[in-house]
Amino acid sequence: MRRAPPGMRLARSLGAKEWSRNSHRCLVLVLTFVAYACYHASRKPTSIVKSVLDPDSHPPPDYPQPSLSSPPLPWPLGPLFLPPNPLGRPHSHGWAPFNGTDGTAKLGEIDVAFLACYSLGMYAAGHLGDRLDLRLFLAAGMIGSGAFVGLFGMGYFWHLHVFGFYLAMQMLAGLFQATGWPSVVAVVGNWFGERKRGLIMGIWNAHTSIGNIGGSLLAASVLQYGWGWSFILPGALIALAGLLVFLFLAAYPEDLGFSSPRKKAEEGKDEEEGRAGEEGSGERGSAVGFVKACLIPGVIPFALCLFFAKLVAYTFLYWLPFYLSQTAIGGEYMSVKSAGNLSTLFDVGGIIGGILAGFISDQLKARATTAASFMYLAIPSLYVYHRYGSISKFVNITLMMITGLLVNGPYALITTAVSADLGTHSSLKGDSRALATVTAIIDGTGSVGAALGPLLTGFLSTTGWGSVFRMLMIGAFIAGALLSILVKAEIAQLVQHWKNIRSDHSRQYGTEGSVVTPLLAGGDQQH
């Protein structure tokens, strides 16, 4: 049995009171929430500084000047998010090597380099995460990520104009960032059972959007002092959070003398009962192999679905601020800082979408049906946002938040509750550990799509943003279609469950009348 984290050991030596299981669960949720919020915050600077590095790529032929007499809008529409830009597009010579005719393509290349290394590193990270101490693994990944994100920004102060340097920093940052998601999902899965997992992890998954929002605001807030600061501050933030993880994160209940939720369920005990009492309960079993994890029912369909879901989501993550700065909204173009601030509202919608998708999937006991429904609804939302988002600032904000809700909802559901469900699937005999491996397979495959989307956007945007949005709508449709077999099976189970309720009611009351007991109250099947 591993020892408690050093920060907890120090607190105990100073006479601190012992915490209950629920108290430790809360601490685990807070630390993993902060950790992954910092991961996402450190990914946002590149999207914020794109228009500074490459300010004059493909200017629209009829770039209008905004009205200088336009009255300021009340908060939150202005001045934080949409201050008028009387000078039109910000005047800047950009930063070599990104300010040439191929600047947009180069920006797309550094995005895909980061995401390619991230997706490839994910598979290795999942394999290692189930075999190493997750606390040390996660802390090392966060500190390493912070170092390379900060080094990218140091290129500004060192006056570096070598494309290879920035490419290498992004690739190394991507490798270290791969340690994050398998680790935090595995830690939360270690502490929480399946009951209400979708809702709990849906709320917890708000760290993704909070990180995007915080990263955008932080990077934009210091942009005026030089774009290098937009990387250095998020890099320092994630490194500091990594130190907190090292000191206080208990990655396994067994490390503190508690038995795991799965072991309690197998023994028929209440999850909230006290300490394990025997050293044998600290055994966590052996990690499963990559092939065995792939063969768990549902892993491959959800992994392929996430490929296209993340293609859509990460295109917004990396290109939305650039798109907003290049698009006239209500007849005006906004500054780079304003575009970065406004783009955070997409993630506000994503927070709502993640919670809503988790809650619905818990109630229906139908993860695939929920995810597919959100993806299909995202198709008309994407069309409407592109077609009508430029009418006015209010319309743009409303449609952006709706699109964020529908795009990020299934993405959040699959990468959290679905991954945790499959990582503790009943086909895994005994106490085998597969949480990090399964999470890495699903999110690693999704991250390949996340790399492809921004790369294609870098090229397609040169022909017009309509091509980009057509790509996103096709991606959303394919994502939903890939879950068709699972959706069909879930619907069949829901229908059968409903028939069983009617049959039980009929036998109990001797009537064929309608059943008022909701389907959602009785299902206990796990998918």
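The values are calculated or read from the model by the stated rules, or taken from the named source; none is laboratory data. Predicted model only: the values in this text are computed from it and were never measured. All Cβ positions, even for glycine, are placed from backbone atoms using ideal geometry, and neighbour counts span all protein chains on display. Note: accessible area is taken over every heavy atom of the protein model, side chains too, but ligands, DNA and RNA are not part of it. Shrake-Rupley method; radii C 1.70, N 1.55, O 1.52, S 1.80 Å.
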If each K or R counts +1 and each D or E counts -1, the residues other than Ala309 whose Cβ falls under 14 Å of its Cβ total +1
Quick calc: nm separation of the 7 Å Cα→Cβ label points for Phe165 and Leu243 -> 2.7
Violations at 27 Å Cα threshold for listed pairs Lys44/Lys488; Lys44/Lys393; Lys44/Lys365 -> Lys44/Lys488; Lys44/Lys365
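For segment 288-507, what does the accessible surface come to per residue with a 1.4 Å probe? Please give it in Å².
34
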Once Lys488 and Arg3 are pulled to full extension, the length gained, defined as 0.36 nm per residue separation minus their Cα-Cα distance, is 170.0 nm
Shape descriptors of segment 288-507 over alpha-carbon atoms, Rg and Dmax in angstrom, are 19.3, 68
Other residues with Cβ under 10 Å from the Cβ of Leu455 give, with Lys and Arg +1 and Asp and Glu -1, a net charge of -2
For Ala96 and Phe459, extending 7 Å from Cα along the Cα-Cβ vector and measuring point to point gives, in nm, a value of 2.7
A chain fully extended from Leu295 to Ser390 at 0.36 nm per residue, minus the present Cα-Cα distance, gains in nm 29.6 nm
Output row, site Phe477, 7 Å Cα→C-beta label point, backbone N cut-off 13 Å, window segment 336-377, residues 376-377
In the neighbourhood of Pro97 defined by beta carbon distances under 13 Å, the net charge of the other residues (Lys, Arg +1; Asp, Glu -1) is -2
